[in-house]
Each structure stands twice: as C-alpha cells, then as structure tokens.
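Colleague: Below is the structure I would like to discuss, written out as structure tokens.
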Amino acid sequence: HVSLSELHNLKKTFEAKYGESPLFYACAPGRVNLIGEHIDYCGYSVLPMAIEQNIIAAVSVNNSGTIQLANTNPQYKDFTVSCFEDIVVDRDNPKWYYYFLCGVKGIQEKFGIAHLSGMLCVVNGTIPPSSGLSSSSALVCCAGLVTMEANQKSLSKVALAEICAKCERYIGTEGGGMDQSISFLAERGTAKLIEFQPLRATDVTLPDGALFVISNCCVEMNKAASSHFNIRVVECRIATKMLAQKRGLDSSRLLKLAEVQMALKVLHPEPYGREEICKVLDITSEQFSTELLSANTQHVTQFKLHQRAKHVYSEAARVLQFKKVCDSKPTGSIQLLGDLMNQSHASCRDLYECSCPELDQLVDICRKSGAVGSRLTGAGWGGCAVSMVPSETVESFLQAVREAYYLPDAHRAAMEKQSLFVSKPGGGAAVFLEE
C-alpha cells in the first residue's frame, strides 16, 4: 500500500534534508473500524480494517548519539532527542514527535536498550490527522518498527502490536489496543475480527456488492488533547467495579466490563456522583481519585454508568452478529450489516454520547444519499463516518454527499478531496530496505 512515487518523493526529501540516502523505510497504515466502537478497552472484540492511507518514515542509522525527527508537512516542527538521556513524553502538549517517541520508548524498554542507535528520520503521512482514522496510533506503530529495525531487534507482529498499544499510553490516551493491532495484523483484501487477551486476528470477508466509503465531518478530535475519551474509559472502569461488587466478585482486581457482564438493572439510569460511588465501593475520596480517575479526568463529578455499560454490551453483541452475517452470507446480508451499523451509530450518539452535531448530520446525509448503513468511526466527537454503499450506486452516492455536505461550506469544500473516499481493506505495517 505504498506507491513507488511516494517512496521516491520521500527519498528526495530525505536526501535534501540530510545529505545522505535512507537505509530503510517503515510504514504503518491507518484504519477504519467497521463496528465495535469504544469496546476494545472493555475487553471486547472489534472489527476494523486497515486503509490505504499510512504513515511512512525514511530512516538512516548512525552513531551520533541523537535521533533527529523531521516531517514532510511544514506545520510539524523538527525535533532532536539524545540517545543517552531518558526519553520524556510531554502528555500536556501532544505534539507529533511525542507520538513517535512513544514508539521509540516502547521498544527501548522492551529490550532494555541503554543507548539507542542514532537515527535520521523523515516522516510522511497520508492519514488525515485527528479524523478518527488512527493517524496517531499509526505514527506510534511506525516509530516502534523503525526503532526495532534500527537497533537490529526482532519481534512478532503480535508482540509489536501489544508493545505499541501499551506505550501509546505515555501520551495519556488509555486506549484498548485495536488501532495498533490492526496496523500490524491487517492483510490486504480482508477485514479482521480482533480479539484481546490473548491478542489474535481472524479474517472477516466483507460481502460482494458493497463498498465502504469514509467521509470526514471536518471537525478535528485529538484524543490526547481532550478528556472526552478518557472520561468514557473511567466511566466503564467504575461501572465494572460496581457490577463486580454486586456480583460478590473481588472488585479490587477486575478492570474490564467483559469480565463482569450481567443484567444492568443493578445500575440506575441517573448519573452517579462521587459520594455514591465511594459509598458503594467502600473507598475513600482519595482512593477514588488515584485508583479510578486518570490525570485528565480529575475534574469530573457525574458518571453515566448505566448508559455507558449498556452501549458496551449491545455493541459487543453487534460485532459478533456482524461477523456471523459476513461468514454465513444469508439473503439480504448487506441490509443486515447496514442495520447493525445504524444501530451502532444510534448507541454511540444516545448512550455513549460520543458523536457531535456535524457527525450526526453527515451520517443522516449518507443514509439519504443511498448508504444502507452509516455510523461514526473512531473515538467520535468529530472525525469520520463510515458508510456501506451498494457498489453500483457508489458514484451517485459520492456526488450526493459532496453536494449536500461539503460544497455548501467553504471550510469543508476545501477539505473535500482528502475527506471523502472509497476504502478497501489494506495491508499491515512493513519495512522496506533501500535498493
């Protein structure tokens, strides 16, 4: 999924910047999640596919004692870090190079490398940033791959995915591992059911006769720069503790909703306050802050536990249903999959409250323009929708969405070229050596 012209251009940029040729290239793709939103960090399976857009780095190795990072996009500044000092990731300031350094740090810690090899890197990205297509995770995965290769280490794709999922948390995002897993485990032509603990990926053959179209609502959402995402992680964590308590399980140990699934009538629909949660769990206010909240969720006072758990349990069931339809190919399977996608969006919007007015408008337009199913994809609060469209009507669909959503607004119209596109399942992360 890397074109020769892309490699050629990146090589030219590298040579112009550093006066030498790259030794190798590493790339990691973005992804679109077809169904299974906000449930990976609850322990449930998800169903994404890699997209053709990716992050690619050109790299040479040296013994200068520094790692020099540059980006082909002039709005992203250069950065240099010493190989002899501890790598520090500033989570209060999520700049592009801190995501790269998450990947470097993950590999360094895995192998206990005291002094990393010096590197010159130029990074190029074709994934729209802050769009819910995993540009940040692809950057972390690309950096992990680069660091492994430059320091002559070797790991399986599964191990790399697990390391990159863990080390992205240095930037403060408490994700569940879907993005890194599909970036490494993707294969061209197939979506994947990704299961966790242990991590494994199973092929899911998407039905003939339909295409998946990605459309960006043009509202940016940076997970590390806002607390929306981590608030949901925290709400699920608290709901898990409350359910474990009701079931008489050891609530100090369990952290994922998948481990305590039960009837939700034990959680009331009204939001919970801190006091009530502390009382039920028999913990102090201080324990609540340190054990349950994350750094950027300390300000939250109300928690919608019932609604968040209800979304997670129903969404987990929809993922398995989606795979079953893909596997068994019943009559009308495209409509069945579309219905599941529509139910998923309604749950994300109403129970998980991770949509936004622009996304809802875009999803509505996609359905009116001929999509059998359309839903937000990625964290939400902005970013992209994914729509399932019958193959024979895809051109008229694209035109209708263009006219109804993008062209009436100057900001969207300017972004339309990279914001509306058909996506086929792409391949996973890879290293290429310079010829």
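Colleague: Looking only at the stretch 416-435, count how many residues are without any contact (Cβ under 8 Å) to a residue 60 or more places away in the chain and either assigned to a strand (DSSP E or B) or surrounded by 14 or more Cβ atoms within 10 Å (Cβ to Cβ) (or both). First the steps, then the outcome.
Modeller: Start the filter on the stretch 416-435 by keeping residues that are without any contact (Cβ under 8 Å) to a residue 60 or more places away in the chain, which leaves 416-417, 435.
Subsequent filtering for residues that are either assigned to a strand (DSSP E or B) or surrounded by 14 or more Cβ atoms within 10 Å (Cβ to Cβ) (or both) retains 416.
Residues that pass the stated criteria total 1.
Colleague: Next question, about the same structure. Need pairs with beta-carbon distance below 6 Å; first residue within 17 Å of S64 (Cβ to Cβ) and within the stretch 145-156, second in a helix (DSSP H, G or I) and hydrophobic (A, V, I, L, M, F, W, C); sequence gap 6+ or separate chains.
Modeller: Here the result reads T147/V104; T147/I107, each pair linking the stretch 145-156 to a residue that is in a helix (DSSP H, G or I) and hydrophobic (A, V, I, L, M, F, W, C).
Listed here are the residues, each with its yes/no results for (1) out of contact with any Gly (no Cβ under 7 Å at 6 or more places or on another chain); (2) of a type in the set (F, W, Y); (3) modelled with pLDDT of 95 or more.
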| site | (1), (2), (3) |
| --- | --- |
| C141 | no, no, yes |
| G144 | no, no, yes |
| M148 | yes, no, yes |
| I163 | no, no, yes |
| E168 | no, no, no |
| I171 | yes, no, no |
| L185 | no, no, yes |
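Colleague: Taking the residues in the stretch 319-347 that are open to solvent by 40 Å² or more (accessible area, probe 1.4 Å) and without any contact (Cβ under 8 Å) to a residue 24 or more places away in the chain as candidates, determine which candidate is nearest to the chain's Cα centre (by Cα).
Modeller: The residue in question is Q321.
Colleague: When residues of the stretch 239-281 are filtered for being modelled with pLDDT of 95 or more and of a type in the set (D, E), how many remain?
Modeller: Qualifying residue count for the region: 3.
Colleague: Counting only residues that are over 30 Å from Q321 (Cβ atoms) and within 15 Å of the chain's Cα centre (by Cα), give me the strands (runs of 3 or more DSSP E) lying completely in the stretch 138-236 with at least 2 of them.
Modeller: No strands (runs of 3 or more DSSP E) qualify here.
Colleague: Determine if the stretch 239-255 includes at least one residue that is in a helix (DSSP H, G or I), of a type in the set (D, E, K, R) and buried (at least 20 other Cβ atoms within 10 Å of the Cβ). Write out each step before concluding.
Modeller: At the first step, the residues of the stretch 239-255 found to be in a helix (DSSP H, G or I) are 239-246.
The next check asks that each one be of a type in the set (D, E, K, R); those that pass are 241, 246.
Next cut, buried (at least 20 other Cβ atoms within 10 Å of the Cβ) only: 241.
Yes, the conditions are met somewhere in the stretch 239-255.
Colleague: Turning to a different aspect of this structure: Pick out the one residue from A413, A316, A379 that is in contact (Cβ under 8 Å) with a residue 24 or more places away in the chain, outside any loop (DSSP other than H, G, I, E, B) and either in contact with a Gly (Cβ under 7 Å, 6 or more places away or on another chain) or open to solvent by less than 50 Å² (accessible area, probe 1.4 Å) (or both). Break it down stepwise before answering.
Modeller: Working: A413 fails: in contact (Cβ under 8 Å) with a residue 24 or more places away in the chain; A379 fails: outside any loop (DSSP other than H, G, I, E, B).
Answer to the check: A316.
Colleague: Follow-up. Among the residues of the stretch 82-131, write down those that are assigned to a helix (DSSP H, G or I) and among the hydrophobic types (A, V, I, L, M, F, W, C).
Modeller: W96, F100, L101, C102, V104, I107, F111
Colleague: Which of (1) open to solvent by less than 10 Å² (accessible area, probe 1.4 Å); (2) in a helix (DSSP H, G or I) does Y352 not meet, given it meets every other one?
Modeller: Every listed condition holds for Y352 apart from (2).
Colleague: Let me ask another. Which of the residues belonging to the stretch 136-176 are surrounded by fewer than 24 Cβ atoms within 10 Å (Cβ to Cβ), farther than 14 Å from K105 by Cα and among the hydroxyl-bearing types (S, T, Y)?
Modeller: S154, S156
Colleague: Based on what the data block shows, is L337 among the hydrophobic types (A, V, I, L, M, F, W, C), part of a helix (DSSP H, G or I) and more than 22 Å from A191 (Cα to Cα)?
Modeller: no
Colleague: Continuing with the same structure: Scan the stretch 182-198 residue by residue and report those that are closer than 15 Å to L160 by Cβ and crowded, with 24+ Cβ neighbours inside 10 Å.
Modeller: Correct list: I182, S183, F184, A186, I194.
Colleague: Just give me the residues in the stretch 355-367 being open to solvent by 70 Å² or more (accessible area, probe 1.4 Å) and either over 20 Å from F212 (Cα atoms) or not in a helix (DSSP H, G or I) (or both), in sequence order.
Modeller: Of everything in the stretch 355-367, just one residue is open to solvent by 70 Å² or more (accessible area, probe 1.4 Å) and either over 20 Å from F212 (Cα atoms) or not in a helix (DSSP H, G or I) (or both), namely P357.
Colleague: Could you check how many residues of the stretch 15-47 are buried (at least 24 other Cβ atoms within 10 Å of the Cβ) and within 17 Å of L145 (Cβ to Cβ)?
Modeller: Of the residues in that region, 7 qualify.
The values are calculated or read from the model by the stated rules, or taken from the named source; none is laboratory data. Every value quoted in this text rests on a predicted model; they were computed, and no experiment measured them. In this analysis, Cβ positions are derived from the backbone assuming ideal geometry, glycine residues included, and neighbour counts consider all displayed protein chains. Areas reflect the complete protein model, heavy atoms only, side chains present, ligands, DNA and RNA absent. Shrake-Rupley method; radii C 1.70, N 1.55, O 1.52, S 1.80 Å.
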